[in-house]
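Have a look at the structure below, then the notes.
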Amino acid sequence: MCNEHHPSAAAVARVAPHPMAGIDLEPAHLEPVDAVTLTSLVDNVSDLLLLDQGPARRAGVLTSSHMPRLSEPLFEQGETVDALRAEHGFSMLVTIHRGEERSFIVFDAGMTPDTMAGNMRRLGIDAAAVELVVLSHGHSDHTTGLDGFVRAVGRPNIPVVVHPLLWTRRRLAIPGIEPIELPTMSKRALEGAGFEVVEARTPSLLFKGAVLITGEVARTTGFESGMPFHEGDFGHGWEPDPLILDDQALVLHLRDAGLVVLTGCGHAGIVNIVRYAQRLTGVERVHAVFGGFHLSGPLFAPVVQPTVDALAELAPDVVVPAHCTGWKAAHALATRLPNAFIQNSVGTRYELGASA
């Protein structure tokens, strides 16, 4: 069902874009991993006063024994805390544990050139250890930080996995205001910076079958209909593009626990995404769901309750809504799933599994 890739520039084969077979695909065996650590590198929120909660280990003034310092002449001590940065964007470092082996993936890269790389430095994370980058979709609040990443490590010489529609020009055409064109990632520039671009519409297995990239997500729910007023230029001028078909997620199978699903904005619909992960893998149990669920604002208000109800039926052990989920949706999830809900904050490290 899936194409097998390996996490090095020399070993990763390119995947030619072709039509997605979707839910007609036979389930593939997603190799279980012993533990997963997810570290929040970029998100909309930074709260240094949050305490550890369940699998969440906080990077804050009450939980960190050491925080990096900045020179600051206005203070008696001559320094202040070099605090983690928050912005309207998303990035997560995924660390996979299999026995003594560790593998490192960056999933999305945030909205500005330096926030992701800067937060990696503040958290003591070696950017050069990253073996793979996955971009959930082409919007700039998930891609721009690759600039700072390149400057932090030099030529990365690692694969970056994308859907082939990631390069599409996009804009917001909201009635009553001038259309707002969104920044578009350059494939030529990305390859020139040292990345090996791997394009795939269909699901792909990586790291010896331990990581699933969904590719294009099958749309099956009746209430997740995409992003209004979003347009794309596919070579014939601007046209409606509510589905944002390049939206893809990362899926892991945590041994004896279930699926771990990580999404960027969740333009495909977080319920569609989780159900598609179940269909692709044949694994029904959902352990954790992380990322942006794109439920913020009045346009998505009617979708909040059906989403919360459907996620409650899936019964995940951990739910971490982030980025574009929105306060109302996060509050509804916290109310409905109080034992699973965890508030995200930049720098939080989620340790899933006994050896994480």
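The values are calculated or read from the model by the stated rules, or taken from the named source; none is laboratory data. Because the structure is predicted, anything quoted here is derived from the model rather than measured. Every residue, glycine as well, gets a Cβ built from its backbone with ideal geometry; the counts of neighbours run over all protein chains shown. For accessibility, only protein heavy atoms count, side chains too; no ligands or nucleic acids. Shrake-Rupley method; radii C 1.70, N 1.55, O 1.52, S 1.80 Å.
Here are the numbers:
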read-out: Filter pass, Val346 being among the β-branched types (Val, Ile, Thr), part of a loop (DSSP other than H, G, I, E, B), over 21 Å from Glu87 (Cα atoms) and touching a residue at least 60 places away in the same chain (Cβ under 8 Å); value: no
read-out: Residue within segment 23-36 that is at pLDDT below 90, open to solvent by 30 Å² or more (accessible area, probe 1.4 Å) and farther than 22 Å from Ser136 by Cα present; value: yes
read-out: Any chance Arg155 is open to solvent by 40 Å² or more (accessible area, probe 1.4 Å), basic (Lys, Arg) and free of Cβ contacts under 8 Å to residues at least 24 places away in the same chain; value: no
read-out: Residues located in segment 158-185, provided they are open to solvent by 40 Å² or more (accessible area, probe 1.4 Å) and of a type in the set (S, T, N, Q); value: Thr184
read-out: Residues of segment 59-102 satisfying the condition of being part of a loop (DSSP other than H, G, I, E, B), of a type in the set (D, E, K, R) and modelled with pLDDT under 95; value: Glu72, Glu76, Asp82, Glu100
read-out: Segment 293-313, subset crowded, with 19+ Cβ neighbours inside 10 Å and either under 18 Å from the mean Cα position of the chain (by Cα) or not β-branched (Val, Ile, Thr) (or both), residue nearest to Leu259 (Cα to Cα); value: Leu311
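For (1) assigned to a helix (DSSP H, G or I); (2) at pLDDT 95 or above; (3) within 30 Å of Val36 (Cα to Cα); (4) not aliphatic (A, V, I, L, M), each residue gets a yes or a no:
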residue	(1), (2), (3), (4)
Asp141	yes, yes, yes, yes
Val150	yes, yes, yes, no
Arg155	no, no, yes, yes
Val160	no, yes, yes, no
Arg170	no, yes, no, yes
Arg188	yes, yes, no, yes
Glu191	yes, yes, yes, yes
